[in-house]
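Here the structure comes first, spelled out in structure tokens, and everything after it is commentary.
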Amino acid sequence: MTNPALRESATFDRRAIAEIQRAAETGIYDIRGWGAKRPLPHFDDLLFLGASMSRYPLEGYRERCDTDVVLGDRHAKHPLHLDIPVTIAGMSFGALSGQAKQALGRGASAVGTSTTTGDGGMTPEERGQSKHLVYQYLPSRYGMNPDDLRKADAIEIVLGQGAKPGGGGMLLGQKISERVAGMRTLPQGIDQRSACRHPDWTGPDDLAIKILELREITQWEKPIYIKIGATRTYYDVKLAVKAGADVVVVDGMQGGTAATQDVFIEHVGIPTLAAIPQAVRALQELGLHRKVQLIVSGGIRTGADVAKAMALGADAVAIGTAALIALGDNSPRHAAEYAALGSAAGYYDDFQDGRDPAGITTQNPELASRLDPVEGGRRLANYLRVLTMEAQTLARACGKSHLRNLEPEDLVALTVEAAAMARVPLAGTGWIPGAVA
Ligand SMILES: Cc1cc2nc3c(=O)[nH]c(=O)nc-3n(C[C@H](O)[C@H](O)[C@H](O)COP(=O)(O)O)c2cc1C
């Protein structure tokens, strides 16, 4: 029996001790997928003020609450017209199987929203199944194909990700199949790291030139997004807009990744909640809020999260992790295989590994064939519909006939931290910590 007087140290708790021992044993740092796992201020710390007397709610069964959004109408001849404001974030073929990419395209298209390529280029299956496809232009030279650029409906220049702002992409060798290697023009079976910044850009002026170049290649037709990991968001959004972005994508530190050092995921960046008001303030000061659209990602799970992000000022959101959860069968049927990976059914704790029994984050043909893209697409479409209906329900309760009419006034915060970060009052008070009266 354990001595009841044993006292665990809060500083050197069991997880810290296990990690020291693991590092001492192996001499390598921990690389994993998923986003930050530590508790952080998040959308759960906000509540809606439904209408009653001073505001007038809308009747759910009779009164409309619209959900459409136009992205990229600042400069592009062909902005994206989406039916719902929930988009699928960039996740690479390589990190994901071809079947998973196809399923994402099917699910998104079924509900009239967009999906996004990722590090490592565009696959024909993905292009074929995606009504609106955003092509990621990476901060490195690999995987860039001018023909694919022209086939895309929009272009997303990736400057950073919420899971690893300041860091580059990583794909472990076990996922570098012949096809993945071919698309990235890099060797097979060897860990691949993409640069943390593009070799041609040493600052915002270079980026402005790159954006012009991309517009010229694509006849000024396609919206250009800039994606940043949330850190100095106020300044970064201003610079992105100045460089010419039509849309800014802000990815908070809860944002998922396929594989990165754990130390990055848990210790770099700011929570999504803190990033949105900074981005909105930057856009408002430029007189471009709602003209340059803001897409927010990082930890979006429910229609409540969607509605809260929009109430804080986002035009749309993007989802990564939740879309993968919706796709597949991470069930106890594969318990023994999950155990062999050091994971368990329901944890999705194997994005980096390459042996995903659900066939989503793998390049192993036998495992990948377990995911039926048609069924995966159907599941994702259902999930996206639920997110939208939940967001509509909340918007109607706040008296809004369009999701875009949600506003910070509809929200209060449950904690002082969330009130300070989200710039909404602590519930039951008019107090926004840190706000200048
Ligand atoms: C498996 C996986 C692969 C990803 N690959 C890319 C990528 O290739 N390029 C990129 O910019 N972001 C990538 N991301 C990050 C997503 O685009 C997005 O920023 C993030 O997933 C949003 O947070 P969420 O997962 O909490 O929804 C990836 C995320 C996941 C989970």
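Among the residues of segment 9-31, is there at least one that is under 30 Å from residue 111 (Cα atoms) and touching a residue at least 24 places away in the same chain (Cβ under 8 Å)?
no
How do the pairs read when you match residues in segment 309-332 that are free of Cβ contacts under 8 Å to residues at least 40 places away in the same chain with residues anywhere that are assigned to a loop (DSSP other than H, G, I, E, B) and open to solvent by 10 Å² or more (accessible area, probe 1.4 Å), using Cβ under 7 Å and keeping only pairs 6 or more apart or on different chains?
325/348; 330/345; 330/346; 330/348; 331/345; 332/345
Do we have any residue at all in segment 319-327 that's surrounded by fewer than 24 Cβ atoms within 10 Å (Cβ to Cβ), within 16 Å of the ligand (Cβ to nearest atom) and assigned to a loop (DSSP other than H, G, I, E, B)?
The answer is no; no qualifying residue exists.
Quick one: how many residues across segment 35-47 are part of a strand (DSSP E or B) and crowded, with 20+ Cβ neighbours inside 10 Å?
The total comes to 1.
Among 207, 214, 171, which is crowded, with 24+ Cβ neighbours inside 10 Å and among the aliphatic types (A, V, I, L, M)? Can you show your working first?
Working: 207 fails: crowded, with 24+ Cβ neighbours inside 10 Å; 214 fails: crowded, with 24+ Cβ neighbours inside 10 Å.
After ruling out the rest, the residue left standing is 171.
Mind listing whichever residues of segment 11-34 are more than 30 Å from residue 325 (Cα to Cα) and open to solvent by 100 Å² or more (accessible area, probe 1.4 Å)?
Of everything in segment 11-34, those that are more than 30 Å from residue 325 (Cα to Cα) and open to solvent by 100 Å² or more (accessible area, probe 1.4 Å) turn out to be 11, 12, 21, 25.
Residues that are within 16 Å of the ligand (Cβ to nearest atom) and open to solvent by less than 30 Å² (accessible area, probe 1.4 Å): does segment 72-85 have at least one?
Yes, segment 72-85 contains at least one residue that is within 16 Å of the ligand (Cβ to nearest atom) and open to solvent by less than 30 Å² (accessible area, probe 1.4 Å).
For segment 48-71, give me each residue that is of a type in the set (Ser, Thr, Tyr) and either open to solvent by less than 50 Å² (accessible area, probe 1.4 Å) or closer than 29 Å to residue 96 by Cβ (or both).
Residue satisfying the conditions is 67 alone.
Taking the condition of being within 14 Å of the ligand (Cβ to nearest atom), small (Gly, Ala, Ser) and open to solvent by 10 Å² or more (accessible area, probe 1.4 Å), how many residues in segment 103-129 meet it?
Adding up the residues that qualify gives 0.
Give segment 362-395 a look and list any residue that's farther than 27 Å from residue 334 by Cβ and of a type in the set (Ser, Thr, Tyr), or say none.
388, 393, listed by residue number.
Taking the stated definitions as given, is residue 27 of a type outside the set (A, V, I, L, M) and closer than 26 Å to residue 161 by Cα? Let's see the steps before the verdict.
Details: of a type outside the set (A, V, I, L, M): yes; closer than 26 Å to residue 161 by Cα: no.
No.
Name the pairs whose Cβ atoms lie under 7 Å apart, with the first residue in segment 214-235 and over 24 Å from residue 146 (Cβ atoms), the second open to solvent by 20 Å² or more (accessible area, probe 1.4 Å) and more than 16 Å from the ligand (Cβ to nearest atom), and 6 or more positions between them or separate chains?
Within 7 Å, the pairs are 233/278; 234/278; 234/281.
Can you name every residue in segment 261-282 that is in contact with a strand residue (DSSP E or B) (Cβ under 8 Å, 6 or more places away or on another chain) and surrounded by 24 or more Cβ atoms within 10 Å (Cβ to Cβ)?
Scanning segment 261-282 gives 265, 269, 272, 273, 275, 276, 279.
Anything in segment 124-155 that is of a type in the set (Phe, Trp, Tyr) and under 22 Å from residue 99 (Cβ atoms)? List them, or say none.
Matches in segment 124-155: 135 only.
The values are calculated or read from the model by the stated rules, or taken from the named source; none is laboratory data. As the structure is a computational prediction, the values presented were derived from the model and not from experiment. Positions of Cβ are generated from backbone atoms using ideal geometry, with glycine treated the same way; all protein chains shown enter the neighbour counts. With ligands, DNA and RNA removed, areas are computed over all heavy atoms of the protein, side chains included. Shrake-Rupley method; radii C 1.70, N 1.55, O 1.52, S 1.80 Å.
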